[in-house]
Amino acid sequence: MSRFFCPRMIRPLARLCADETGSNAVEFALVAPFLIGLLFGIFEFGRAVWTQGILDYAVEQASRCASVNATTCNTSTAIKSFAATQTAPLGLPSTVFSASTPACGNLVSASYVFNFVGTMPLVSNTGLFPTTITLTSQSCYPI
(Lines give C-alpha, C1' and ligand atoms only; values in the text may rest on other atoms or scores of the structure.)
Protein backbone atom coordinates (compact mmCIF):
# COMPACT_ATOMS: atom_id res chain seq x y z
CA MET A 1 0.00 0.00 0.00
CA SER A 2 1.22 3.44 -0.84
CA ARG A 3 2.20 5.90 1.81
CA PHE A 4 -0.32 8.56 0.59
CA PHE A 5 -3.36 6.34 1.05
CA CYS A 6 -2.52 5.35 4.58
CA PRO A 7 -5.53 5.61 6.92
CA ARG A 8 -3.33 7.30 9.53
CA MET A 9 -2.77 10.21 7.12
CA ILE A 10 -6.46 10.61 6.27
CA ARG A 11 -7.73 10.75 9.86
CA PRO A 12 -6.20 14.17 10.74
CA LEU A 13 -7.42 15.55 7.42
CA ALA A 14 -10.95 14.30 8.09
CA ARG A 15 -10.88 15.85 11.56
CA LEU A 16 -9.73 19.16 10.10
CA CYS A 17 -12.57 19.16 7.54
CA ALA A 18 -15.15 18.41 10.22
CA ASP A 19 -13.83 21.11 12.58
CA GLU A 20 -16.25 24.07 12.98
CA THR A 21 -14.40 26.26 15.46
CA GLY A 22 -13.97 29.28 13.12
CA SER A 23 -17.42 29.24 11.53
CA ASN A 24 -18.80 32.07 13.71
CA ALA A 25 -15.98 34.41 12.70
CA VAL A 26 -16.51 33.64 9.02
CA GLU A 27 -20.27 34.19 9.25
CA PHE A 28 -19.74 37.48 11.08
CA ALA A 29 -17.25 38.64 8.44
CA LEU A 30 -19.84 37.94 5.74
CA VAL A 31 -22.78 39.65 7.50
CA ALA A 32 -21.04 42.60 9.26
CA PRO A 33 -20.63 44.90 6.21
CA PHE A 34 -24.36 44.73 5.48
CA LEU A 35 -25.29 45.43 9.09
CA ILE A 36 -22.88 48.35 9.34
CA GLY A 37 -24.21 49.75 6.05
CA LEU A 38 -27.78 49.44 7.35
CA LEU A 39 -26.81 51.20 10.58
CA PHE A 40 -25.14 54.10 8.76
CA GLY A 41 -28.12 54.32 6.41
CA ILE A 42 -30.50 54.66 9.35
CA PHE A 43 -28.31 57.39 10.88
CA GLU A 44 -28.01 59.36 7.64
CA PHE A 45 -31.70 59.24 6.72
CA GLY A 46 -32.58 60.13 10.32
CA ARG A 47 -30.29 63.15 10.02
CA ALA A 48 -32.03 64.14 6.76
CA VAL A 49 -35.47 63.93 8.42
CA TRP A 50 -34.16 65.95 11.38
CA THR A 51 -32.85 68.63 8.99
CA GLN A 52 -36.21 68.70 7.18
CA GLY A 53 -37.96 69.23 10.52
CA ILE A 54 -35.70 72.17 11.39
CA LEU A 55 -36.31 73.66 7.94
CA ASP A 56 -40.10 73.31 8.37
CA TYR A 57 -39.95 74.94 11.80
CA ALA A 58 -37.86 77.86 10.53
CA VAL A 59 -40.19 78.74 7.63
CA GLU A 60 -43.28 78.44 9.85
CA GLN A 61 -41.83 80.75 12.47
CA ALA A 62 -40.57 83.25 9.89
CA SER A 63 -43.91 83.46 8.07
CA ARG A 64 -45.70 83.91 11.37
CA CYS A 65 -43.22 86.60 12.41
CA ALA A 66 -43.80 88.43 9.13
CA SER A 67 -47.55 88.53 9.78
CA VAL A 68 -47.59 89.14 13.53
CA ASN A 69 -44.44 91.09 14.40
CA ALA A 70 -44.08 94.09 12.10
CA THR A 71 -41.08 95.54 13.94
CA THR A 72 -38.79 92.49 13.79
CA CYS A 73 -39.84 91.10 10.39
CA ASN A 74 -40.71 94.20 8.37
CA THR A 75 -38.58 93.57 5.25
CA SER A 76 -37.72 90.54 3.15
CA THR A 77 -34.12 90.64 4.39
CA ALA A 78 -35.28 90.77 8.01
CA ILE A 79 -37.61 87.80 7.44
CA LYS A 80 -34.83 85.73 5.88
CA SER A 81 -32.47 86.69 8.69
CA PHE A 82 -35.09 85.70 11.29
CA ALA A 83 -35.60 82.35 9.56
CA ALA A 84 -31.85 81.72 9.63
CA THR A 85 -31.76 82.32 13.39
CA GLN A 86 -34.45 79.64 13.85
CA THR A 87 -32.08 76.97 12.48
CA ALA A 88 -29.74 77.24 15.47
CA PRO A 89 -28.37 73.66 15.57
CA LEU A 90 -27.60 73.73 11.83
CA GLY A 91 -26.77 77.39 11.39
CA LEU A 92 -28.15 77.71 7.87
CA PRO A 93 -27.44 80.96 6.02
CA SER A 94 -30.23 83.38 5.15
CA THR A 95 -29.64 82.72 1.43
CA VAL A 96 -31.47 79.39 1.87
CA PHE A 97 -34.73 81.28 2.50
CA SER A 98 -36.93 83.50 0.35
CA ALA A 99 -39.88 85.67 1.37
CA SER A 100 -42.79 87.07 -0.62
CA THR A 101 -46.37 88.27 -0.11
CA PRO A 102 -48.77 86.45 -2.45
CA ALA A 103 -52.56 86.29 -2.01
CA CYS A 104 -52.34 83.76 0.85
CA GLY A 105 -50.37 86.15 3.11
CA ASN A 106 -46.68 86.09 3.98
CA LEU A 107 -44.96 83.21 2.21
CA VAL A 108 -41.54 82.00 3.33
CA SER A 109 -39.90 79.16 1.46
CA ALA A 110 -36.58 77.37 1.77
CA SER A 111 -34.47 75.15 -0.43
CA TYR A 112 -31.44 73.43 1.12
CA VAL A 113 -29.04 70.98 -0.51
CA PHE A 114 -28.41 68.20 2.02
CA ASN A 115 -25.12 66.28 1.77
CA PHE A 116 -24.90 62.74 3.05
CA VAL A 117 -21.76 62.00 5.07
CA GLY A 118 -21.40 58.31 4.29
CA THR A 119 -21.15 58.29 0.52
CA MET A 120 -19.27 55.26 -0.71
CA PRO A 121 -18.72 55.08 -4.48
CA LEU A 122 -19.51 51.62 -5.82
CA VAL A 123 -19.40 52.23 -9.57
CA SER A 124 -18.11 55.53 -11.03
CA ASN A 125 -20.43 58.31 -9.71
CA THR A 126 -23.07 56.12 -8.10
CA GLY A 127 -22.85 55.35 -4.43
CA LEU A 128 -24.48 53.71 -1.47
CA PHE A 129 -26.52 56.88 -0.96
CA PRO A 130 -27.09 59.70 -3.42
CA THR A 131 -24.48 62.35 -2.74
CA THR A 132 -27.02 65.14 -2.24
CA ILE A 133 -30.77 65.67 -1.98
CA THR A 134 -32.63 68.97 -2.04
CA LEU A 135 -34.89 69.59 0.95
CA THR A 136 -37.63 72.15 0.40
CA SER A 137 -40.25 73.69 2.66
CA GLN A 138 -42.69 76.57 2.55
CA SER A 139 -45.23 78.17 4.80
CA CYS A 140 -47.82 80.89 4.18
CA TYR A 141 -49.31 82.72 7.15
CA PRO A 142 -52.34 84.99 6.55
CA ILE A 143 -51.97 88.71 7.10
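The values are calculated or read from the model by the stated rules, or taken from the named source; none is laboratory data. It should be emphasised that the depicted structure is a prediction, and the values quoted were computed from it without experimental measurement. Methodologically, a virtual Cβ is constructed for each residue, glycine included, from the backbone with ideal geometry; neighbour enumeration extends over all protein chains shown.
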Failed condition for ILE79, given (1) surrounded by fewer than 13 Cβ atoms within 10 Å (Cβ to Cβ); (2) farther than 24 Å from ARG47 by Cβ; (3) modelled with pLDDT of 90 or more; (4) of a type in the set (Val, Ile, Thr): (1)
Return yes or no: is ALA99 in contact with a strand residue (DSSP E or B) (Cβ under 7 Å, 6 or more places away or on another chain), surrounded by 21 or more Cβ atoms within 10 Å (Cβ to Cβ) and assigned to a strand (DSSP E or B)? yes
Exactly one of VAL59, VAL108 is surrounded by 15 or more Cβ atoms within 10 Å (Cβ to Cβ) and in a helix (DSSP H, G or I), and that residue is VAL59
